[in-house]
Each structure stands twice: as C-alpha cells, then as structure tokens.
Amino acid sequence: FSKALEKFKYIIYNNPGSLIAMNSQLYLAESLFNLEKYDQASKEYDRYILVSQDSQGVEKAKFFICKCFFKLSSSYKKDQEASYIAIDRMQYFIEQYPNSQFSSECNVMITELRSKLAKKDLESGKLYLRIEEFPSAIVYFNSVIRDYYDTEYYETAIINLILTYVLNGEIALADNTFNQYKDDLQNKDNYIAAKNILTKEHNV
C-alpha cells in the first residue's frame with residue numbers, strides 16, 4: 001500500500017484534471033485507509049468527492065469516510081467526539097443512499113458505537129454512585145435509559161437508577177422508576193435485582 005500510495009500521488013501530480021488522476025485520487029484514499037491512516041484517508045476521500053462525477057465512486061467514498069470516523073473512535077474511556085461524528089455521518093449516508101449495499105454495514109457500526117456511548121455513560125454513573133455524587137449519577141443513568149434504550153446497558157441503568165434514588169433517600173422516586181420500567185426488565189435476574197432493592201428498603 002505504501003508503494004501504491006506513492007504511485008497514485010505521482011499520477012495525480014503529473015496529470016491534473018484528467019480521468020486517470022481522478023480515479024487515482026480514490027485509490028490514494030483507499031491506500032491510506034488500508035495503511036490505517038484514517039484521518040488522512042477521510043480528507044483524500046473528501047477531495048475525490050469534490051472532483052468526481054462518478055456517482056458510484058462518490059457513494060463509496062462517502063461510505064469510507066463514515067468508516068474512517070468509525071475506526072478513529074476511541075475506547076469508551078476516552079473522548080467520544082469521533083463516535084458522535086461517525087454516527088451522524090452514517091445516519092446521513094443511510095438517508096442519502098437508502099438502497100446502498102453499504103447501508104447494512106453502517107447500521108452494524110452505528111449499533112456498536114451506540115453501545116460504546118451507552119457504556120461510557122453507565123460507567124460514569126457508576127463512578128458518581130461510588131463517590132456518592134447522587135445527582136450526577138442520576139443524570140448519567142437517565143441518559144442511558146433515554147438515549148440508549150436499544151443497547152445491552154439499558155436494564156442495568158434502570159437498576160442503578162433505582163439504587164441511586166434509594167441511597168439518596170428518594171424512595172418514592174425509586175418506586176416510581178420501578179413501576180415505570182418494570183415491564184422493560186426482560187431479564188428475570190434484573191427484575192429480581194430491582195425488586196429486591198426496593199423490598200429491602202421498605203423492610204428496613
């Protein structure tokens with residue numbers, strides 16, 4: 001890929017405005033992508049989109065820009081700006097190309113990124129819960145429940161929200177939360193865990 005990269009750069013530089021230069025621009029971006037230089041690759045894909053009249057090539061380039069941001073997304077413990085950008089780009093791509101061959105892969109990547117963002121908020125909530133910063137914990141658990149209801153962390157967030165209300169002495173809110181979301185606790189163990197938190201509190 002490194003050797004190919006240099007060849008494509010040479011073609012682009014020596015044949016400005018030509019069809020072969022335009023095609024080389026796409027291959028240049030692909031070479032960078034395969035070299036895992038995703039930030040540079042996304043910029044080269046953008047350059048291709050600006051000059052190309054090939055609708056299929058443009059569609060492919062837009063998809064790979066989405067994939068670049070997906071690859072740039074960090075661990076849930078780190079800043080998630082790239083994850084948010086990737087989700088926005090992929091959702092726009094799906095709207096723009098609803099019948100694209102790349103749509104299903106975009107949906108898979110969106111699901112993975114949403115799961116990562118949910119985990120980040122859940123772990124932040126747990127951290128605040130451990131240090132007894134209950135209002136902040138409540139904000140993060142509610143974020144998971146509100147924004148990431150389709151992830152594996154949804155039910156865990158409900159249980160932790162109930163626990164946080166109990167530990168903060170807001171028993172009525174804990175009861176209301178359980179009653180509001182009990183039907184969503186599809187995992188039997190999660191339902192029992194939430195119920196036990198309230199039962200223990202009411203028996204104290």
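The values are calculated or read from the model by the stated rules, or taken from the named source; none is laboratory data. Owing to the predicted nature of the structure, the values given are computational and were not obtained by experimental measurement. Using ideal geometry, Cβ is built from the backbone for each residue, glycine included, and neighbour counts are taken over all protein chains shown. Note: accessible area is taken over every heavy atom of the protein model, side chains too, but ligands, DNA and RNA are not part of it. Shrake-Rupley method; radii C 1.70, N 1.55, O 1.52, S 1.80 Å.
Please determine, by comparing only the residues of region 72-89 that are under 16 Å from Asp46 (Cβ atoms) and either touching an Asp or Glu at 6+ places or on another chain (Cβ under 6 Å) or not small (Gly, Ala, Ser) (or both), which one is surrounded by the most Cβ atoms within 10 Å (Cβ to Cβ).
Filtering first and then ranking leaves Arg89.
Considering only region 90-104, how many residues are assigned to a helix (DSSP H, G or I) and open to solvent by less than 20 Å² (accessible area, probe 1.4 Å)?
3
Output yes when any residue across region 130-142 is at positive phi and of a type in the set (Asp, Glu), and no when none is.
yes
Restricting to region 151-176, what's the tally of residues that are aromatic (Phe, Trp, Tyr) and either touching a His at 6+ places or on another chain (Cβ under 9 Å) or not in a loop (DSSP other than H, G, I, E, B) (or both)?
Going residue by residue through region 151-176, those that are aromatic (Phe, Trp, Tyr) are 153-154, 165.
Retained after the next criterion (residues that are either touching a His at 6+ places or on another chain (Cβ under 9 Å) or not in a loop (DSSP other than H, G, I, E, B) (or both)): 154, 165.
The number of residues fulfilling the criteria is 2.
Evaluate region 13-21: report whether one residue or more is open to solvent by less than 70 Å² (accessible area, probe 1.4 Å) and aromatic (Phe, Trp, Tyr).
Scanning region 13-21, I find no residue that is open to solvent by less than 70 Å² (accessible area, probe 1.4 Å) and aromatic (Phe, Trp, Tyr), so the answer is no.
Determine, yes or no, whether Ala61 is over 30 Å from Leu163 (Cα atoms), open to solvent by less than 40 Å² (accessible area, probe 1.4 Å), among the aliphatic types (A, V, I, L, M) and at pLDDT 95 or above.
yes
Just checking, which of Ala29, Ala86 is assigned to a helix (DSSP H, G or I), in contact (Cβ under 8 Å) with a residue 12 or more places away in the chain and within 30 Å of Leu122 (Cα to Cα)?
None of the others qualify; the one that does is Ala86.
For region 114-138, which positions are among the hydrophobic types (A, V, I, L, M, F, W, C), under 24 Å from Ile171 (Cβ atoms) and in contact (Cβ under 8 Å) with a residue 12 or more places away in the chain?
Leu122, Leu129, Phe134, Ala137, Ile138
Among the residues of region 63-86, write down those that are within 13 Å of Ile110 (Cβ to Cβ), of a type outside the set (Val, Ile, Thr) and within 11 Å of the chain's Cα centre (by Cα).
Within region 63-86, Phe69, Phe70, Ser73, Ser83, Tyr84, Ala86 qualify.
For (1) assigned to a helix (DSSP H, G or I); (2) touching a helix residue (DSSP H, G or I) at 6+ places or on another chain (Cβ under 7 Å); (3) modelled with pLDDT of 95 or more; (4) open to solvent by 20 Å² or more (accessible area, probe 1.4 Å), each residue gets a yes or a no:
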{"position": "Cys106", "(1), (2), (3), (4)": "yes, yes, yes, no"}
{"position": "Asp121", "(1), (2), (3), (4)": "yes, yes, yes, yes"}
{"position": "Tyr128", "(1), (2), (3), (4)": "yes, yes, yes, yes"}
{"position": "Ala137", "(1), (2), (3), (4)": "yes, yes, yes, no"}
{"position": "Asn142", "(1), (2), (3), (4)": "yes, yes, yes, yes"}
{"position": "Tyr149", "(1), (2), (3), (4)": "no, no, no, yes"}
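I'm checking my understanding of the structure. Among residues of region 36-58 that are within 24 Å of the chain's Cα centre (by Cα) and open to solvent by 50 Å² or more (accessible area, probe 1.4 Å), which one is nearest to Gln101 (Cα to Cα)? Quick ask: steps written out before the conclusion?
Step one: of region 36-58, the residues within 24 Å of the chain's Cα centre (by Cα) are 36-46, 58.
When the remaining residues are screened for being open to solvent by 50 Å² or more (accessible area, probe 1.4 Å), the result is 36-37, 39-40, 43, 46.
On the way: Glu36: 23, Lys37: 24, Asp39: 24, Gln40: 24, Lys43: 23, Asp46: 20 Å.
My answer is Asp46.
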